[in-house]
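The values are calculated or read from the model by the stated rules, or taken from the named source; none is laboratory data. Here the structure is a predicted model, which means the values were calculated and not measured. Methodologically, a virtual Cβ is constructed for each residue, glycine included, from the backbone with ideal geometry; neighbour enumeration extends over all protein chains shown. Areas reflect the complete protein model, heavy atoms only, side chains present, ligands, DNA and RNA absent. Shrake-Rupley method; radii C 1.70, N 1.55, O 1.52, S 1.80 Å.
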Amino acid sequence: WDNADFSRGVGTTFYQEFSTLNTAKPPFVRDVEAKVQRYLRSSYSAAWTLKITWEKAPVSAAWTDTRKTVTYQAVLTTDGFRSYILMLYQNGGMQWDYTRLTSTNVLIGYT
């Protein structure tokens with residue numbers, strides 16, 4: 001994804017860590033486990049999960065309208081052997097105007 005610019009006082013980034021080895025799992029971690037199980041059709045029990053949220057993030061560029069923001073998350077999770085990432089976007093997907101970026105081969109996700 002493109003760079004977000006929080007220097008203008010718009011938006012924020014925060015994270016939450018869930019260490020769940022030998023402890024009770026909160027609903028969020030159970031939901032992550034269910035998504036991994038559903039998408040990959042295999043059993044999965046998280047030992048550690050990290051949720052990073054970019055809330056109302058404006059794109060990084062001088063011409064950007066800071067009223068056009070997007071909220072998205074990356075969720076990293078592992079059982080100690082296998083690791084996964086979930087990319088979660090607000091309804092409607094990424095709202096930044098990618099046609100104004102210098103790169104033309106834009107995609108959402110990771111490779």
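With a 1.4 Å probe and every protein chain left in place, tell me how much accessible area Thr20 has, in Å² to the nearest 10.
10
Across the stretch 4-12, in residue order, what do the Karplus-derived ³J(HN,Hα) couplings come to in whole Hz, using 6.51 cos²θ - 1.76 cosθ + 1.60 with θ = phi - 60° and x for Gly and Pro?
Karplus-based 3J(HN,Hα) across the stretch 4-12 equals 9, 10, 9, 6, 8, x, 10, x, 7 Hz.
Using a Cα-Cα cut-off of under 18 Å, which lysines could be cross-linked to Lys68, ignoring same-chain neighbours fewer than 8 residues away?
Lys56
Any idea how far apart Asn91 and Gln16 come out in nm if each label point goes 7 Å out from Cα toward Cβ?
Using points 7 Å along Cα→Cβ, the separation is 2.1 nm.
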